[in-house]
Amino acid sequence: MEKIHSQILIIGAGPGGYVAAIYGAIKGMKVTLVDKKRVGGTCLNVGCIPTKALVKAADIFAETKKSAAYGIHFENASIDMKQTIAKKDEITKTLTDGIAFLLNKHGVDYVQGTASFLNNTEVEVSGDFGSKVYTADKIIIATGSKTKHLPIPGLDNDFVVDSEGLLANEVLPESMTVIGGGIIGMEFAFIYGQLGVKVEVLEFLPNILPNIDKDLSQRLLRFAKQNNINITTGARVTKIEKEANGNAIVTYIHKDVEKTTTSNLVLEAVGREPEFSGLNLEKTDIKIGKNRGIEVDETMKTNLDHIYAVGDATNIMQLAHVASHQAINAIDNILGHKSAMNYRFIPSVIFTSPQIATVGFSEAELQQEGIEYTTHRVPFSSNGKALILESNYGFIKLLQKAVTKEIIGAQVFGADAEHLIAPLTIALKNNLSLEDIKETVFAHPTTSEMIHEGFLGLNGEAIHYLG
Ligand code: NAD
(Lines give C-alpha, C1' and ligand atoms only; values in the text may rest on other atoms or scores of the structure.)
Protein backbone atom coordinates (compact mmCIF):
# COMPACT_ATOMS: atom_id res chain seq x y z
CA MET A 1 0.00 0.00 0.00
CA GLU A 2 1.20 3.52 -0.86
CA LYS A 3 2.75 5.32 2.14
CA ILE A 4 2.77 9.11 2.43
CA HIS A 5 4.52 11.23 5.03
CA SER A 6 3.66 14.84 5.91
CA GLN A 7 4.67 17.20 8.66
CA ILE A 8 1.15 17.39 9.99
CA LEU A 9 -1.75 15.04 9.41
CA ILE A 10 -5.08 16.48 10.52
CA ILE A 11 -8.13 14.22 10.81
CA GLY A 12 -11.40 16.13 10.49
CA ALA A 13 -12.01 19.34 8.53
CA GLY A 14 -14.41 21.23 10.81
CA PRO A 15 -13.62 24.55 12.55
CA GLY A 16 -10.90 22.72 14.51
CA GLY A 17 -9.28 20.81 11.65
CA TYR A 18 -9.51 23.29 8.79
CA VAL A 19 -8.26 26.17 10.96
CA ALA A 20 -5.30 24.03 12.09
CA ALA A 21 -4.62 23.16 8.42
CA ILE A 22 -4.69 26.74 7.11
CA TYR A 23 -2.76 28.15 10.06
CA GLY A 24 -0.18 25.34 9.85
CA ALA A 25 0.26 25.96 6.11
CA ILE A 26 0.64 29.72 6.68
CA LYS A 27 3.40 28.85 9.12
CA GLY A 28 5.17 26.92 6.36
CA MET A 29 4.25 23.35 7.24
CA LYS A 30 3.39 20.57 4.81
CA VAL A 31 -0.15 19.70 5.84
CA THR A 32 -2.46 16.81 4.94
CA LEU A 33 -6.11 17.21 5.93
CA VAL A 34 -8.50 14.24 5.83
CA ASP A 35 -12.28 14.20 6.10
CA LYS A 36 -14.85 11.68 4.97
CA LYS A 37 -17.28 14.45 4.02
CA ARG A 38 -17.23 17.98 2.59
CA VAL A 39 -14.94 20.44 4.42
CA GLY A 40 -16.54 22.55 7.16
CA GLY A 41 -17.58 19.87 9.65
CA THR A 42 -20.79 20.04 11.66
CA CYS A 43 -20.62 23.81 12.18
CA LEU A 44 -20.55 24.90 8.56
CA ASN A 45 -22.60 22.05 7.04
CA VAL A 46 -25.17 20.96 9.62
CA GLY A 47 -24.70 23.14 12.71
CA CYS A 48 -24.01 26.78 13.51
CA ILE A 49 -24.17 28.33 10.05
CA PRO A 50 -27.28 26.62 8.60
CA THR A 51 -29.12 26.98 11.93
CA LYS A 52 -28.45 30.69 12.00
CA ALA A 53 -29.69 30.96 8.39
CA LEU A 54 -33.00 29.53 9.65
CA VAL A 55 -32.89 31.94 12.62
CA LYS A 56 -32.64 34.76 10.08
CA ALA A 57 -35.67 33.41 8.16
CA ALA A 58 -37.67 33.16 11.39
CA ASP A 59 -36.63 36.69 12.39
CA ILE A 60 -37.73 38.13 9.03
CA PHE A 61 -41.09 36.38 9.40
CA ALA A 62 -41.48 37.62 12.98
CA GLU A 63 -40.63 41.18 11.90
CA THR A 64 -43.52 41.15 9.42
CA LYS A 65 -45.85 40.51 12.38
CA LYS A 66 -44.35 43.29 14.50
CA SER A 67 -43.88 45.88 11.78
CA ALA A 68 -47.30 47.51 12.25
CA ALA A 69 -45.84 49.48 15.18
CA TYR A 70 -43.69 51.25 12.60
CA GLY A 71 -46.68 51.73 10.26
CA ILE A 72 -45.61 48.98 7.88
CA HIS A 73 -48.26 46.43 7.02
CA PHE A 74 -47.85 43.03 5.39
CA GLU A 75 -50.84 41.15 4.06
CA ASN A 76 -50.68 37.47 5.01
CA ALA A 77 -46.93 36.93 5.01
CA SER A 78 -46.25 33.28 4.25
CA ILE A 79 -43.20 31.04 4.26
CA ASP A 80 -42.04 28.69 1.52
CA MET A 81 -39.88 26.32 3.56
CA LYS A 82 -38.40 24.74 0.44
CA GLN A 83 -36.98 28.12 -0.58
CA THR A 84 -35.80 28.79 3.00
CA ILE A 85 -33.86 25.51 2.99
CA ALA A 86 -32.47 26.27 -0.49
CA LYS A 87 -31.22 29.68 0.72
CA LYS A 88 -29.63 28.03 3.77
CA ASP A 89 -27.92 25.46 1.52
CA GLU A 90 -26.65 28.22 -0.77
CA ILE A 91 -25.04 29.99 2.22
CA THR A 92 -23.37 26.83 3.55
CA LYS A 93 -22.12 25.93 0.07
CA THR A 94 -20.63 29.39 -0.48
CA LEU A 95 -18.85 29.14 2.84
CA THR A 96 -17.55 25.57 2.45
CA ASP A 97 -16.46 26.28 -1.14
CA GLY A 98 -14.57 29.28 0.26
CA ILE A 99 -12.79 27.08 2.81
CA ALA A 100 -11.92 24.52 0.09
CA PHE A 101 -10.51 27.39 -2.02
CA LEU A 102 -8.39 28.66 0.90
CA LEU A 103 -7.06 25.17 1.67
CA ASN A 104 -6.07 24.78 -1.95
CA LYS A 105 -4.43 28.22 -2.16
CA HIS A 106 -2.42 27.48 0.98
CA GLY A 107 -1.21 24.20 -0.50
CA VAL A 108 -2.98 21.94 1.99
CA ASP A 109 -3.30 18.40 0.66
CA TYR A 110 -7.01 17.68 1.20
CA VAL A 111 -7.93 14.00 1.06
CA GLN A 112 -11.57 12.93 1.09
CA GLY A 113 -11.70 9.60 2.87
CA THR A 114 -12.12 7.82 6.20
CA ALA A 115 -9.09 7.82 8.50
CA SER A 116 -8.44 4.78 10.73
CA PHE A 117 -5.47 4.30 13.00
CA LEU A 118 -3.47 1.13 12.33
CA ASN A 119 -1.27 1.80 15.37
CA ASN A 120 0.18 4.84 17.18
CA THR A 121 1.95 6.16 14.08
CA GLU A 122 0.17 4.92 10.95
CA VAL A 123 -3.23 6.05 9.70
CA GLU A 124 -4.99 4.32 6.84
CA VAL A 125 -7.20 6.56 4.72
CA SER A 126 -9.81 4.90 2.50
CA GLY A 127 -11.86 6.61 -0.15
CA ASP A 128 -12.83 6.51 -3.84
CA PHE A 129 -9.10 6.29 -4.62
CA GLY A 130 -8.68 3.07 -2.62
CA SER A 131 -6.49 3.09 0.49
CA LYS A 132 -3.28 4.85 1.45
CA VAL A 133 -1.27 4.83 4.66
CA TYR A 134 -0.23 8.16 6.15
CA THR A 135 2.44 8.94 8.71
CA ALA A 136 3.30 12.38 10.05
CA ASP A 137 5.62 14.17 12.43
CA LYS A 138 2.50 15.30 14.29
CA ILE A 139 -1.13 14.19 14.06
CA ILE A 140 -4.08 16.34 15.10
CA ILE A 141 -7.40 14.62 15.77
CA ALA A 142 -10.33 16.96 15.10
CA THR A 143 -13.17 14.54 14.42
CA GLY A 144 -15.91 16.57 16.15
CA SER A 145 -19.09 15.22 17.70
CA LYS A 146 -22.39 13.51 16.90
CA THR A 147 -25.93 13.60 18.29
CA LYS A 148 -26.48 11.69 21.54
CA HIS A 149 -29.48 9.39 21.56
CA LEU A 150 -31.85 8.56 24.38
CA PRO A 151 -32.10 4.92 25.46
CA ILE A 152 -35.87 4.85 24.84
CA PRO A 153 -38.09 2.98 22.39
CA GLY A 154 -39.57 4.71 19.35
CA LEU A 155 -36.60 6.80 18.21
CA ASP A 156 -36.59 4.95 14.90
CA ASN A 157 -39.95 6.44 13.86
CA ASP A 158 -39.67 8.55 10.71
CA PHE A 159 -41.05 11.63 12.48
CA VAL A 160 -38.12 11.70 14.94
CA VAL A 161 -35.22 13.85 13.75
CA ASP A 162 -32.05 15.27 15.21
CA SER A 163 -30.81 18.80 14.48
CA GLU A 164 -29.26 17.66 11.20
CA GLY A 165 -32.55 16.13 10.06
CA LEU A 166 -34.47 19.26 11.02
CA LEU A 167 -32.10 21.43 9.01
CA ALA A 168 -33.13 19.50 5.90
CA ASN A 169 -36.85 19.55 6.66
CA GLU A 170 -38.76 21.30 3.86
CA VAL A 171 -42.25 20.88 5.28
CA LEU A 172 -43.37 23.05 8.16
CA PRO A 173 -45.34 20.86 10.58
CA GLU A 174 -48.34 22.13 12.54
CA SER A 175 -46.76 20.97 15.77
CA MET A 176 -43.40 19.74 17.05
CA THR A 177 -42.15 18.19 20.29
CA VAL A 178 -38.61 19.08 21.28
CA ILE A 179 -36.90 16.65 23.66
CA GLY A 180 -34.19 18.61 25.49
CA GLY A 181 -34.33 22.30 26.40
CA GLY A 182 -30.60 22.92 25.90
CA ILE A 183 -29.13 25.26 23.32
CA ILE A 184 -30.05 23.21 20.23
CA GLY A 185 -33.55 22.50 21.54
CA MET A 186 -34.28 26.13 22.40
CA GLU A 187 -32.81 27.59 19.22
CA PHE A 188 -35.00 25.29 17.09
CA ALA A 189 -38.00 25.86 19.37
CA PHE A 190 -37.75 29.59 18.65
CA ILE A 191 -37.15 29.11 14.91
CA TYR A 192 -40.21 26.89 14.52
CA GLY A 193 -42.30 28.78 17.09
CA GLN A 194 -41.68 32.07 15.30
CA LEU A 195 -42.76 30.43 12.04
CA GLY A 196 -46.11 29.59 13.64
CA VAL A 197 -45.50 25.96 14.61
CA LYS A 198 -46.96 24.87 17.96
CA VAL A 199 -43.88 23.74 19.93
CA GLU A 200 -43.76 21.65 23.10
CA VAL A 201 -40.35 21.49 24.84
CA LEU A 202 -39.71 18.67 27.32
CA GLU A 203 -36.66 19.29 29.50
CA PHE A 204 -35.42 16.77 32.04
CA LEU A 205 -33.82 19.27 34.47
CA PRO A 206 -35.70 21.90 36.54
CA ASN A 207 -34.65 24.66 34.10
CA ILE A 208 -34.16 25.07 30.37
CA LEU A 209 -30.65 26.12 29.28
CA PRO A 210 -29.19 24.64 32.50
CA ASN A 211 -25.72 26.08 31.86
CA ILE A 212 -26.75 29.73 32.18
CA ASP A 213 -27.97 31.70 35.17
CA LYS A 214 -31.59 31.17 36.13
CA ASP A 215 -32.60 34.83 35.79
CA LEU A 216 -31.71 34.64 32.08
CA SER A 217 -33.43 31.33 31.38
CA GLN A 218 -36.50 32.38 33.41
CA ARG A 219 -36.79 35.61 31.46
CA LEU A 220 -36.74 33.67 28.20
CA LEU A 221 -39.88 31.76 29.26
CA ARG A 222 -42.05 34.84 28.71
CA PHE A 223 -40.80 35.15 25.12
CA ALA A 224 -41.23 31.42 24.55
CA LYS A 225 -44.92 31.73 25.42
CA GLN A 226 -45.35 34.64 22.99
CA ASN A 227 -43.82 32.47 20.27
CA ASN A 228 -46.10 29.40 20.50
CA ILE A 229 -43.62 27.50 22.70
CA ASN A 230 -44.85 25.58 25.72
CA ILE A 231 -42.13 24.35 28.09
CA THR A 232 -42.34 21.54 30.62
CA THR A 233 -39.30 21.14 32.85
CA GLY A 234 -38.65 18.16 35.10
CA ALA A 235 -39.98 15.95 32.30
CA ARG A 236 -38.40 12.53 31.66
CA VAL A 237 -39.30 11.15 28.26
CA THR A 238 -39.86 7.39 28.35
CA LYS A 239 -41.14 6.37 24.89
CA ILE A 240 -42.28 7.57 21.50
CA GLU A 241 -45.10 5.92 19.58
CA LYS A 242 -46.94 6.41 16.32
CA GLU A 243 -50.66 7.21 16.27
CA ALA A 244 -52.88 5.54 13.68
CA ASN A 245 -52.91 8.84 11.72
CA GLY A 246 -49.12 8.93 11.68
CA ASN A 247 -48.67 11.54 14.42
CA ALA A 248 -46.11 11.18 17.21
CA ILE A 249 -47.12 10.46 20.80
CA VAL A 250 -44.32 11.27 23.23
CA THR A 251 -44.76 9.83 26.72
CA TYR A 252 -43.00 11.44 29.66
CA ILE A 253 -43.02 11.39 33.45
CA HIS A 254 -43.68 14.74 35.09
CA LYS A 255 -43.96 14.99 38.91
CA ASP A 256 -44.42 11.20 39.07
CA VAL A 257 -47.37 11.33 36.68
CA GLU A 258 -47.23 9.78 33.20
CA LYS A 259 -48.31 12.25 30.52
CA THR A 260 -48.31 12.37 26.71
CA THR A 261 -48.03 15.01 24.06
CA THR A 262 -48.98 14.61 20.40
CA SER A 263 -47.30 16.33 17.45
CA ASN A 264 -46.35 15.91 13.79
CA LEU A 265 -42.60 15.99 14.36
CA VAL A 266 -40.17 15.22 17.21
CA LEU A 267 -36.72 16.78 17.62
CA GLU A 268 -34.26 14.87 19.76
CA ALA A 269 -31.77 17.39 21.20
CA VAL A 270 -30.35 15.85 24.35
CA GLY A 271 -26.70 16.65 23.76
CA ARG A 272 -23.75 15.71 21.59
CA GLU A 273 -20.82 13.33 22.18
CA PRO A 274 -17.36 12.96 20.61
CA GLU A 275 -17.32 11.25 17.21
CA PHE A 276 -14.69 8.52 16.93
CA SER A 277 -16.48 6.05 14.66
CA GLY A 278 -14.15 4.40 12.18
CA LEU A 279 -11.11 6.04 13.78
CA ASN A 280 -9.94 2.80 15.48
CA LEU A 281 -8.66 4.64 18.55
CA GLU A 282 -8.52 1.25 20.26
CA LYS A 283 -5.51 0.41 18.09
CA THR A 284 -3.59 3.26 19.72
CA ASP A 285 -2.56 4.17 23.26
CA ILE A 286 -4.45 7.49 23.15
CA LYS A 287 -6.11 8.09 26.50
CA ILE A 288 -9.81 8.93 26.75
CA GLY A 289 -10.69 11.22 29.67
CA LYS A 290 -13.48 11.03 32.24
CA ASN A 291 -15.55 13.36 30.03
CA ARG A 292 -15.36 10.73 27.24
CA GLY A 293 -13.28 13.04 25.06
CA ILE A 294 -9.62 12.61 24.13
CA GLU A 295 -7.57 13.72 27.11
CA VAL A 296 -5.30 16.67 26.34
CA ASP A 297 -3.10 19.05 28.30
CA GLU A 298 -3.26 22.85 28.01
CA THR A 299 -1.16 22.68 24.81
CA MET A 300 -3.77 20.30 23.25
CA LYS A 301 -1.30 17.43 23.34
CA THR A 302 -2.60 13.95 24.16
CA ASN A 303 -0.68 11.45 26.29
CA LEU A 304 1.33 10.64 23.14
CA ASP A 305 3.95 13.26 22.26
CA HIS A 306 3.18 13.30 18.53
CA ILE A 307 -0.62 13.36 18.74
CA TYR A 308 -2.78 16.38 19.51
CA ALA A 309 -6.58 16.70 19.67
CA VAL A 310 -8.83 19.75 19.33
CA GLY A 311 -12.53 20.63 19.27
CA ASP A 312 -15.50 18.48 20.26
CA ALA A 313 -13.27 15.37 20.08
CA THR A 314 -11.79 16.61 23.39
CA ASN A 315 -15.28 17.32 24.78
CA ILE A 316 -13.97 20.25 26.82
CA MET A 317 -16.35 22.90 25.43
CA GLN A 318 -18.56 22.02 22.46
CA LEU A 319 -18.22 25.35 20.66
CA ALA A 320 -16.85 25.97 17.16
CA HIS A 321 -14.87 29.04 18.26
CA VAL A 322 -13.22 27.02 21.02
CA ALA A 323 -12.21 24.36 18.47
CA SER A 324 -10.65 27.00 16.21
CA HIS A 325 -8.78 28.59 19.10
CA GLN A 326 -7.53 25.22 20.29
CA ALA A 327 -6.37 24.52 16.71
CA ILE A 328 -4.19 27.64 16.59
CA ASN A 329 -2.94 26.85 20.08
CA ALA A 330 -2.00 23.29 19.01
CA ILE A 331 -0.09 24.49 15.93
CA ASP A 332 1.75 27.14 17.94
CA ASN A 333 2.83 24.50 20.44
CA ILE A 334 3.86 22.11 17.67
CA LEU A 335 6.01 24.93 16.32
CA GLY A 336 7.61 25.27 19.73
CA HIS A 337 5.84 28.49 20.76
CA LYS A 338 4.54 27.61 24.22
CA SER A 339 0.91 28.58 24.49
CA ALA A 340 -1.61 27.37 27.09
CA MET A 341 -5.36 27.18 26.49
CA ASN A 342 -7.37 29.25 28.94
CA TYR A 343 -11.13 28.66 29.06
CA ARG A 344 -11.99 31.36 31.61
CA PHE A 345 -13.33 33.98 29.19
CA ILE A 346 -14.96 32.08 26.35
CA PRO A 347 -18.03 33.85 25.00
CA SER A 348 -21.16 31.90 24.20
CA VAL A 349 -24.23 33.08 22.28
CA ILE A 350 -27.65 31.45 22.30
CA PHE A 351 -29.57 32.46 19.18
CA THR A 352 -33.06 32.43 20.63
CA SER A 353 -35.28 35.45 20.22
CA PRO A 354 -34.21 37.50 22.17
CA GLN A 355 -30.59 36.39 22.07
CA ILE A 356 -28.62 35.54 25.20
CA ALA A 357 -24.83 35.90 25.41
CA THR A 358 -22.47 35.19 28.27
CA VAL A 359 -18.76 35.36 29.07
CA GLY A 360 -16.73 34.53 32.16
CA PHE A 361 -18.16 33.34 35.46
CA SER A 362 -21.89 32.87 35.93
CA GLU A 363 -23.50 33.64 39.28
CA ALA A 364 -24.05 29.91 39.81
CA GLU A 365 -20.32 29.23 39.31
CA LEU A 366 -19.30 32.05 41.65
CA GLN A 367 -21.64 30.75 44.34
CA GLN A 368 -20.35 27.22 43.84
CA GLU A 369 -16.75 28.38 44.16
CA GLY A 370 -17.55 30.56 47.15
CA ILE A 371 -16.32 33.74 45.45
CA GLU A 372 -17.95 36.89 46.79
CA TYR A 373 -19.35 39.15 44.09
CA THR A 374 -21.78 41.93 43.34
CA THR A 375 -23.98 42.32 40.27
CA HIS A 376 -24.73 45.42 38.29
CA ARG A 377 -27.48 45.65 35.66
CA VAL A 378 -27.75 48.06 32.75
CA PRO A 379 -31.32 48.17 31.47
CA PHE A 380 -31.80 48.22 27.68
CA SER A 381 -34.66 50.66 28.33
CA SER A 382 -32.02 53.33 29.03
CA ASN A 383 -30.54 53.08 25.52
CA GLY A 384 -31.91 54.91 22.48
CA LYS A 385 -30.89 52.27 19.94
CA ALA A 386 -32.41 49.49 22.05
CA LEU A 387 -35.73 51.38 22.00
CA ILE A 388 -35.50 51.71 18.20
CA LEU A 389 -34.91 47.94 18.04
CA GLU A 390 -37.89 47.43 20.38
CA SER A 391 -35.61 45.61 22.81
CA ASN A 392 -36.34 47.69 25.91
CA TYR A 393 -36.90 44.53 28.00
CA GLY A 394 -33.24 43.44 27.91
CA PHE A 395 -30.27 43.99 30.17
CA ILE A 396 -26.53 43.66 30.49
CA LYS A 397 -25.41 42.14 33.76
CA LEU A 398 -21.86 42.65 35.04
CA LEU A 399 -20.42 40.48 37.80
CA GLN A 400 -17.75 42.12 39.93
CA LYS A 401 -15.49 40.32 42.35
CA ALA A 402 -16.14 41.85 45.78
CA VAL A 403 -12.53 41.94 46.98
CA THR A 404 -10.52 42.92 43.90
CA LYS A 405 -13.33 44.77 42.04
CA GLU A 406 -12.40 42.91 38.83
CA ILE A 407 -15.23 42.30 36.35
CA ILE A 408 -15.24 38.52 36.02
CA GLY A 409 -18.52 37.85 34.28
CA ALA A 410 -20.86 39.52 31.81
CA GLN A 411 -24.23 38.49 30.43
CA VAL A 412 -26.49 40.05 27.85
CA PHE A 413 -30.19 39.39 27.31
CA GLY A 414 -31.66 41.22 24.34
CA ALA A 415 -31.02 42.59 20.87
CA ASP A 416 -27.43 42.61 19.61
CA ALA A 417 -26.28 40.27 22.41
CA GLU A 418 -24.13 38.47 19.84
CA HIS A 419 -22.25 41.71 19.15
CA LEU A 420 -22.20 43.16 22.66
CA ILE A 421 -20.47 40.10 24.04
CA ALA A 422 -17.35 40.72 21.91
CA PRO A 423 -16.25 44.03 23.52
CA LEU A 424 -17.21 42.61 26.91
CA THR A 425 -14.98 39.59 26.24
CA ILE A 426 -12.08 41.89 25.30
CA ALA A 427 -12.63 43.88 28.51
CA LEU A 428 -12.80 40.81 30.74
CA LYS A 429 -10.04 38.81 29.09
CA ASN A 430 -7.66 41.75 29.34
CA ASN A 431 -8.84 42.74 32.80
CA LEU A 432 -9.57 46.28 31.61
CA SER A 433 -10.27 48.66 34.46
CA LEU A 434 -13.28 50.91 34.95
CA GLU A 435 -11.01 53.78 33.94
CA ASP A 436 -9.98 52.01 30.70
CA ILE A 437 -13.61 51.65 29.63
CA LYS A 438 -14.56 55.10 30.90
CA GLU A 439 -11.85 56.60 28.71
CA THR A 440 -13.01 54.60 25.66
CA VAL A 441 -15.51 56.32 23.37
CA PHE A 442 -18.42 54.19 22.15
CA ALA A 443 -20.33 55.27 19.02
CA HIS A 444 -23.80 56.79 19.32
CA PRO A 445 -26.50 55.67 18.79
CA THR A 446 -25.58 52.02 19.35
CA THR A 447 -26.41 49.39 21.92
CA SER A 448 -22.68 49.21 22.72
CA GLU A 449 -23.04 52.47 24.64
CA MET A 450 -24.60 50.37 27.39
CA ILE A 451 -21.21 48.79 28.03
CA HIS A 452 -19.74 52.24 28.66
CA GLU A 453 -22.71 53.13 30.83
CA GLY A 454 -22.39 49.89 32.78
CA PHE A 455 -18.77 50.54 33.70
CA LEU A 456 -19.67 54.13 34.66
CA GLY A 457 -22.57 52.71 36.65
CA LEU A 458 -20.22 50.50 38.67
CA ASN A 459 -18.72 53.77 39.95
CA GLY A 460 -22.12 55.34 40.60
CA GLU A 461 -21.64 57.55 37.52
CA ALA A 462 -24.26 56.16 35.09
CA ILE A 463 -25.77 59.00 33.07
CA HIS A 464 -28.84 57.38 31.49
CA TYR A 465 -30.22 55.24 34.31
CA LEU A 466 -30.30 55.27 38.07
CA GLY A 467 -27.45 52.88 38.88
P1 NAD B 1 -27.16 20.48 25.72
O2 NAD B 1 -26.33 19.64 26.59
O3 NAD B 1 -26.95 21.94 25.67
O4 NAD B 1 -28.71 20.27 26.08
C5 NAD B 1 -29.32 19.02 26.13
C6 NAD B 1 -30.52 19.13 27.05
O7 NAD B 1 -31.26 17.93 27.00
C8 NAD B 1 -30.10 19.36 28.49
O9 NAD B 1 -30.79 20.49 28.99
C10 NAD B 1 -30.55 18.07 29.18
O11 NAD B 1 -30.95 18.26 30.51
C12 NAD B 1 -31.72 17.63 28.30
N13 NAD B 1 -32.03 16.21 28.39
C14 NAD B 1 -31.16 15.17 28.47
N15 NAD B 1 -31.84 14.02 28.55
C16 NAD B 1 -33.16 14.31 28.51
C17 NAD B 1 -34.36 13.55 28.56
N18 NAD B 1 -34.34 12.21 28.67
N19 NAD B 1 -35.56 14.19 28.48
C20 NAD B 1 -35.58 15.54 28.38
N21 NAD B 1 -34.47 16.31 28.35
C22 NAD B 1 -33.28 15.71 28.39
O23 NAD B 1 -27.04 19.82 24.27
P24 NAD B 1 -27.58 20.31 22.87
O25 NAD B 1 -28.61 21.37 23.01
O26 NAD B 1 -27.94 19.05 22.15
O27 NAD B 1 -26.28 20.94 22.22
C28 NAD B 1 -25.09 20.16 22.07
C29 NAD B 1 -23.86 21.02 22.17
O30 NAD B 1 -23.78 21.89 21.07
C31 NAD B 1 -23.87 21.87 23.44
O32 NAD B 1 -22.64 21.75 24.09
C33 NAD B 1 -24.05 23.26 22.95
O34 NAD B 1 -23.32 24.18 23.72
C35 NAD B 1 -23.52 23.20 21.51
N36 NAD B 1 -24.26 24.17 20.70
C37 NAD B 1 -23.94 25.48 20.82
C38 NAD B 1 -24.68 26.41 20.12
C39 NAD B 1 -24.34 27.87 20.25
O40 NAD B 1 -23.29 28.18 20.79
N41 NAD B 1 -25.21 28.78 19.82
C42 NAD B 1 -25.73 26.03 19.32
C43 NAD B 1 -26.02 24.69 19.23
C44 NAD B 1 -25.28 23.76 19.93
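When we screen Ser116, Ser175, Ser126 for residues that are in the same structural domain as Thr302 (by TED's automatic domain parsing), open to solvent by less than 30 Å² (accessible area, probe 1.4 Å) and polar (S, T, N, Q), the only hit is Ser116.
Taken together, Ala443, Ala410 contain a single residue that is open to solvent by less than 60 Å² (accessible area, probe 1.4 Å) and modelled with pLDDT of 95 or more, which is Ala410. Residues in the stretch 19-39 that are open to solvent by less than 20 Å² (accessible area, probe 1.4 Å) and part of a loop (DSSP other than H, G, I, E, B): Val39 only.
Of all residues in the stretch 227-267, those being under 16 Å from Lys198 (Cβ atoms) and under 24 Å from the mean Cα position of the chain (by Cα) number 9. Within the stretch 264-289, residues that are among the small types (Gly, Ala, Ser) have Cβ atoms under 6 Å from residues that are part of a strand (DSSP E or B) in these pairs: Gly278/Thr114; Gly278/Ser116, counting only partners at least 6 apart in sequence or on another chain. Every test in (1) small (Gly, Ala, Ser); (2) open to solvent by 10 Å² or more (accessible area, probe 1.4 Å); (3) within 12 Å of the ligand (Cβ to nearest atom) is passed by Ala189 save one, and that test is (2). Of the residues screened, Thr404 is not one that is surrounded by 13 or more Cβ atoms within 10 Å (Cβ to Cβ) and among the β-branched types (Val, Ile, Thr). Filtered by the rule that a residue be open to solvent by 50 Å² or more (accessible area, probe 1.4 Å) and in contact with a Pro (Cβ under 8 Å, 6 or more places away or on another chain), the stretch 300-321 gives a lone residue, His321. Considering only residues in the stretch 198-213 that are more than 8 Å from the ligand (Cβ to nearest atom) and under 15 Å from Thr352 (Cα atoms), the one that is most open to solvent (accessible area, probe 1.4 Å) turns out to be Ile212. The single condition among (1) within 16 Å of the ligand (Cβ to nearest atom); (2) touching a residue at least 40 places away in the same chain (Cβ under 8 Å) that Gly127 does not meet is (1). Of all residues in the stretch 322-357, those satisfying the criterion of being within 16 Å of the ligand (Cβ to nearest atom) and either in a loop (DSSP other than H, G, I, E, B) or in contact with a Pro (Cβ under 7 Å, 6 or more places away or on another chain) (or both) are Ala323, Ser324, Tyr343, Phe345, Ile346, Pro347, Phe351, Thr352, Ser353, Pro354, Gln355, Ala357.
Scanning the stretch 46-90 for residues that are within 16 Å of the ligand (Cβ to nearest atom) and of a type in the set (Lys, Arg) turns up Lys52, Lys56, Lys88.
Per-residue answers, yes or no, for (1) within 13 Å of the ligand (Cβ to nearest atom); (2) closer than 19 Å to Gly271 by Cβ:
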site	(1), (2)
Thr143	no, yes
Leu150	yes, yes
Glu170	no, no
Ser175	no, no
Gly181	yes, yes
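The values are calculated or read from the model by the stated rules, or taken from the named source; none is laboratory data. Computed from a prediction, not measured in an experiment: that's the story for all the values here. Cβ atoms come from the backbone with ideal geometry, glycine included; neighbour counts cover every protein chain shown. Side chains included, ligands, DNA and RNA excluded: accessible areas come from the protein's heavy atoms. Shrake-Rupley method; radii C 1.70, N 1.55, O 1.52, S 1.80 Å.
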